[in-house]
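The values are calculated or read from the model by the stated rules, or taken from the named source; none is laboratory data. This one's a predicted model, so the numbers in the text were calculated from it and none came from an experiment. We place every Cβ from the backbone using ideal geometry, glycine too, and count neighbours over all the protein chains shown. Ligands, DNA and RNA are excluded from the accessible area calculation, which covers all protein heavy atoms including side chains. Shrake-Rupley method; radii C 1.70, N 1.55, O 1.52, S 1.80 Å.
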Amino acid sequence: MAEEKKSPNQQLQERLSVKKESAWIKLKDKIEAIYSFSETYKSFMGKNKTERLCIRSMIEMLEKAGFSQIHVQHELKPGVAVYKNIKGKSLIACKVGSDPMKVRIIGAHVDSPRLDLKPYPLYEDAEVALLKSHYYGGIKKYQWVNIPLAIHGVAFTKEGKTVEIHIGENPDEPRFIIPDLLPHLAKDQMKKTGENIIEGEELNILFAHIPIDDTDIKEKIKCNVLKYLNATYGLVEEDFIAADIELVPAYQPVDIGIDRGLIAAYGQDDRVCAYTALRALLDANDCKETVILYLADREEIGSMGDTGAESFVFINFMREYIRKTGVTATWDELLENAVSISADVTGALDPTFKSVNDPNNVSYLGHGVSIEKYGGRGGKYSTSEAHAEYMHYLRTLADTHGIPWQTGEQGKIDVGGGGTIAMFMSRYGMDCVDVGPCVLGMHSPFEVTSKVDVYCTYLFYKAFLEDSGI
Ligand code: MN
Ligand code: MN
């Protein structure tokens, strides 16, 4: 009936134009699934705020689903599921397909912007003990003051004992904080540019306050802290150099909005993609091709280092895969013929800061998973670009499965931009594209996503893993 009322030109317009509509409307029959997926996602995010915690939980999930460490397998037959743990900070998981010569890969990263402790962080001043931090990744430093922080880390005692430190997530535990300067005395500070309003060397975390009761001791509060750390963990001050200790927002993930349509959580870039991709891998059935999930570390600082996507760890895994499957190809041949997704988030159009985006070429909260042809910055530097052929394959895949999707650019030309691991994956010669949900307040201590986009991302990754023969 409705169709008959439309004029020929209206019908024409409908047929020819891109439709931009809310995925909430398109998936109105799936509301329950969207909300229940969000609950498990939020609970994962609340428990796994560092790359180490994330990898550990993911290994648990993989093992529960029948994955085993690759080194214990002598032969990789179709259907066998394995993983490789890369120093507890990165992970490659793989389900061997019925055609092991064909490989499809999803790569995401599990590190997020945060505050790391300096090698010798502890000092005392003005009746408090503080920890000096060195920020990790691209943050607006002023966002990290006056918020509750939690500590997560691992350290080694001189005797070689591993010690884990987790303080500040449970309601009865203390939190930590970087106090900002009071406005009354901030006349000079307020004249600084945003980048310097809080300087790197001002990210000093309040750690303790009570002095040891001993007049012979000079730094009484620091001494009390060391006494506590030694009694509780067996640590001495020097052990901070044999440690990875991170400060993260102590916030637990929450629903945002009276309709509960959005999620705020720390570290959604990029654990939203890591989590949805892992769920997709666990739920993917009857994969004809071998499917691989690569969870990289160090993306937020350029992917450099032995646990980053720029390392040769992925190649080493492929070498082992070839030996154990017995396929007659080299790793570079396999990877050149592979297809892949760089699973990462993109910026959502912020209604308050619209001027940084081209409204026709930006992702909108609630419009489904974002498939971005390229990232990078002005002039398409520092990115890879998916080819027309591959983009056609991907949009057809989404449409065939009825998965709402959208596309966009990270920002207006020359305003800024950002890289992902797509450029490191695509250098093997495989097709690669950036796919993930869009985020508001990216890299802030509390990032926002739409529940429907998170669900669409999961659906798309699953469809990709189950597909074959591009
Ligand atoms: Mn990212
Ligand atoms: Mn990022």
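Using the Cβ-Cβ distance between ILE31 and VAL254 with R0 = 22 Å, the FRET efficiency computed as 1/(1 + (r/R0)^6) comes to roughly 0.70.
Taking all protein chains in place and a 1.4 Å probe, what share, in percent, of the accessible surface of the stretch 114-249 do carbon and sulfur account for? Write out the running numbers ahead of the final one.
On the way: 4300 of 7680 Å².
That share works out to 56 percent.
Helix 31-47 and the longest principal axis of the C-alpha atoms of the chain enclose an angle of approximately 30°.
The long axis of helix 388-400 is offset from the longest Cα principal axis of the chain by roughly 90 degrees.
Once R0 is set to 22 Å, what does the formula 1/(1 + (r/R0)^6) return for the Cβ-Cβ distance between THR157 and SER68, expressed as a FRET efficiency to the nearest 0.05?
Details: r = 31 Å, r/R0 = 1.43.
Rounded to the nearest 0.05, the efficiency is 0.10.
Tell me the net charge near GLY429. Cut-off is 12 Å between Cβ atoms, GLY429 excluded, with +1 for each Lys or Arg and -1 for each Asp or Glu.
Net local charge, GLY429 excluded: -3.
Average accessible surface for the chain: 47 Å² per residue, computed with a 1.4 Å probe over protein heavy atoms with every protein chain in place.
Nearest 500 deg cm²/dmol is fine: what mean residue ellipticity at 222 nm does the chain get from its DSSP H runs of n ≥ 4 alone, each adding -39,500 (n - 2.57), divided by its residue count? Write down the numbers at each step before the final one.
Values: 13 runs with 135 residues, N = 470.
It lands at -8500 deg cm²/dmol.
The fraction of Cα-Cα pairs per 5 angstrom bin, counted from 0 for the stretch 114-249, comes to 2, 10, 17, 22, 19, 14, 8, 5, 2, 0, 0 percent, rounded to whole percents.
Summary value for the stretch 372-435: 48 percent relative contact order, contacts being C-alpha pairs under 8 angstrom separated by 6+ residues. Over all other residues within a Cβ to Cβ distance under 9 Å of ILE86, the charged ones net out to +1, with Lys and Arg as +1 and Asp and Glu as -1.
Less than 12 Å Cβ to Cβ from LEU335, Lys/Arg counted +1 and Asp/Glu -1: what total charge do the surrounding residues give? Its environment carries a net charge of 0. The alpha carbon centroids of the stretch 177-194 and the stretch 398-470 are separated by 37 Å. For the chain, the longest principal axis of the alpha carbon atoms and the long axis of helix 51-64 meet at an angle near 50°.
Sorted on the mean count of surrounding Cβ atoms within 10 Å across their residues, most packed first, peptides 293-302, 228-237 read 293-302, 228-237.
Once you have the Cα-Cα distance between ILE241 and GLU389, take 0.36 nm times their residue separation minus that, and quote the gain in nm to one decimal. Mind dumping the intermediate values first?
Working: separation 148, 0.36 × 148 = 53.28 nm, distance 4.97 nm.
Here the segment from ILE241 to GLU389 would lengthen by 48.3 nm.
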